[in-house]
Amino acid sequence: FQPLERDFAFVVDEAVAADDLVRAAKGGDKNLIAGVGVFDVYQGKGVEDGKKSVALRVTLQPVEATLTDEQIEAVSARIVANVAKRTGGTLRG
């Protein structure tokens, strides 16, 4: 089955390590998430002082069937919730 990628950008305190975000995102669904990588870290205009934006690319690898839109949204919601719980990160709007 074809893997698919989803990008997320989280705003976190600048002291939060990008690796912590990667681990938190992977915890969103250990069966479907094949990989998580950081592709951008930004501080500056549009991000409040003391914070940074960390962009992650998450690769989902279905093993039993092609994922439906609802399943993709559910995994995405679990990723966002897990990152929020473990790092205090919020989805960048």
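The values are calculated or read from the model by the stated rules, or taken from the named source; none is laboratory data. Model, not experiment: these values are computed from the prediction. FYI the Cβ positions are ideal-geometry reconstructions off the backbone, even for glycines, and counts take in every protein chain you see. Only protein heavy atoms, including side chains, enter the accessible area calculation; ligands, DNA and RNA are left aside. Shrake-Rupley method; radii C 1.70, N 1.55, O 1.52, S 1.80 Å.
Computed quantities for the displayed model
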quantity: Qualifying residue in the stretch 37-49 (condition: under 13 Å from the mean Cα position of the chain (by Cα) and open to solvent by less than 50 Å² (accessible area, probe 1.4 Å)); calculated: yes
quantity: Qualifying position, being surrounded by 11 or more Cβ atoms within 10 Å (Cβ to Cβ) and within 10 Å of the chain's Cα centre (by Cα), among 78, 86, 92; calculated: 78
quantity: Filter result for the condition that a residue is in contact with an Asp or Glu (Cβ under 8 Å, 6 or more places away or on another chain) and outside any strand (DSSP E or B), over 86, 23; calculated: 86
quantity: Residue match in the stretch 59-66 (condition: of a type outside the set (Gly, Ala, Ser) and either within 20 Å of residue 84 (Cα to Cα) or assigned to a strand (DSSP E or B) (or both)); calculated: yes
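Rundown of residues vs (1) open to solvent by 30 Å² or more (accessible area, probe 1.4 Å); (2) touching a residue at least 24 places away in the same chain (Cβ under 8 Å); (3) in contact with a strand residue (DSSP E or B) (Cβ under 9 Å, 6 or more places away or on another chain), yes/no style:
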position: 7; (1), (2), (3): yes, yes, yes
position: 20; (1), (2), (3): yes, yes, yes
position: 25; (1), (2), (3): no, yes, yes
position: 56; (1), (2), (3): no, yes, yes
position: 69; (1), (2), (3): yes, no, no
